[in-house]
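The values are calculated or read from the model by the stated rules, or taken from the named source; none is laboratory data. Only a predicted model underlies this, so the values are computations on that prediction, with no experimental measurement involved. Every residue, glycine as well, gets a Cβ built from its backbone with ideal geometry; the counts of neighbours run over all protein chains shown. When the accessible area is computed, the model is the full protein with side chains, heavy atoms only, and any ligands, DNA or RNA have been set aside. Shrake-Rupley method; radii C 1.70, N 1.55, O 1.52, S 1.80 Å.
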Amino acid sequence: MNNIYGVTLEELERYFLDKNNKKFKAVQVFDWVYKKGINSFDDMRNVSKETINMLKQDFYFGKLKIIDKKEDVDVSKYLFELDDNEKVEAVVMYHDYGTSICISTQVGCNMGCKFCESGRLKKVRNLKTYEMVLQILMVGKDISKKITHIVLMGIGEPFDNYDNVIKFIDIVNSGKGLDIGSRHITVSTCGIVPKIKEFANFDKQVNLAISLHAPTNEIRDSIMNINKVYKIEEIIDAVKYYINKTNRRVTFEYIMLKDINDSKECALKLSSLLKGINCYVNLIPYNETSHIEYKKSSKDSILAFYDVLKKNNIGVTIRREFGSKVNAACGQLRSHYLEV
Ligand code: SAH
């Protein structure tokens, strides 16, 4: 039995063909499941009883349980329980350009970034494709609003769960499914070099964000374990390869950590590292957490850092702060809940 939310349109077409059925039935099923939002095969009114019975033998409608929800003015955070009682989070943010959701890709994370709550709790398992799709469907239903943007920046490292993430993008991007434009989908990675290269050959125009957070290997080594495996130079090479192949602009995320990576000298080093690369830098005010001793940079040092990048012609934005009241930083609600 397969969860219907984990099947791509192409897989469903193949399923019908293998059963000597017409492949357009897959489009009908997608239409009911994603456009009309039913959650029982019996509700598919233009589909024959025979087909419905066949589908029931091979597929089921899985669910996630929403076990906690915290709301603020412009952000709500959801805690889900999965079938095996594991927990993950999703955050929905209301912008003037639409509604975005930040979803989790793994239960816990093994990347071990020292400033991140998710990484304190080691990876238990990868999320299945349907568990990612369901985060979107269930939140969409709960807020009664169309979700227009997706970022894969919740708990987990998307490129450590590559195949399921690619299938997930296929399903939510499908014009017959949720139809969320590929340019409205952003995958964020801590810098798994071989997967950045593989992603360069993915045929959808999805945005790529790299969690760089430091301009030198020395600083990056001290805050991100992954830098022991893939050095900054290798990441930059992979990004150049990606840009060459896709012609797309890449985002570098840079968390501003007080006295760690927020000096003007760091800003200058970052400017020369990124010079000539089709990219922009997103400066992220650090969301402090009670278990970790890093502090957020002052507004003044963030602005001074911003100015240095600007003067050096590096595109730069400062991320608006969302949801510190609702523990919106990566992994905070889950770890609060687990009390670890
Ligand atoms: N593993 C992926 C995606 C999940 S983390 C990655 O590393 O990109 C998503 C982003 O949130 C990353 O840039 C991460 O470094 C950042 N982040 C983690 N903890 C944070 C915190 N407390 N405050 C602000 N940003 C944080």
Inset, instruction - Please enumerate the residues belonging to region 261-289 that are within 14 Å of the ligand (Cβ to nearest atom) and either polar (S, T, N, Q) or open to solvent by less than 60 Å² (accessible area, probe 1.4 Å) (or both). - result: Asn261, Asp262, Val281, Asn282, Leu283, Ile284, Pro285, Tyr286, Asn287, Thr289
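Scan Asp43, Asp74 and give me the residue that is of a type in the set (D, E, K, R) and in contact (Cβ under 8 Å) with a residue 60 or more places away in the chain. Before you say what the answer is, go through the steps one by one.
Working: Asp43 fails: in contact (Cβ under 8 Å) with a residue 60 or more places away in the chain.
Of Asp43, Asp74, the one residue that is of a type in the set (D, E, K, R) and in contact (Cβ under 8 Å) with a residue 60 or more places away in the chain is Asp74.
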Legend entry - So Glu71, is it loosely packed, with under 15 Cβ neighbours inside 10 Å and either of a type outside the set (A, V, I, L, M, F, W, C) or within 16 Å of Ile155 (Cβ to Cβ) (or both): yes
Legend entry - Cβ-Cβ under 6 Å pairs, at least 6 apart or on other chains, region 241-261 side over 15 Å from Tyr306 (Cα atoms), far side away from the ligand (no atom under 12 Å from the Cβ) and β-branched (Val, Ile, Thr): Val250/Val239
Legend entry - Unique match (being more than 16 Å from the ligand (Cβ to nearest atom) and under 30 Å from Ile223 (Cα atoms)) among Lys122, Lys145, Lys114, Lys128: Lys128
Inset, instruction - State all residues of region 156-185 that are at pLDDT below 95 and in contact with a Gly (Cβ under 7 Å, 6 or more places away or on another chain); if no residue qualifies, say none. - result: none
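Here are some residues: Glu234, Glu253, Glu265. Which one is within 23 Å of Leu152 (Cβ to Cβ), in a helix (DSSP H, G or I) and of a type in the set (Asp, Glu)? It would help to see each step written out before you state the result.
Numbers: Glu253 fails: in a helix (DSSP H, G or I); Glu265 fails: within 23 Å of Leu152 (Cβ to Cβ).
Just one listed residue meets the conditions, Glu234.
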Legend entry - Total residues in region 116-141, condition over 14 Å from the mean Cα position of the chain (by Cα) and among the β-branched types (Val, Ile, Thr): 2
Legend entry - From Lys56, Lys69, Lys63, Lys22, residue being assigned to a strand (DSSP E or B) and basic (Lys, Arg): Lys69
Inset, instruction - Starting from residues that are assigned to a helix (DSSP H, G or I) and within 17 Å of Leu270 (Cβ to Cβ), keep the ones in region 238-250 and report whichever is most open to solvent (accessible area, probe 1.4 Å). - result: Lys240
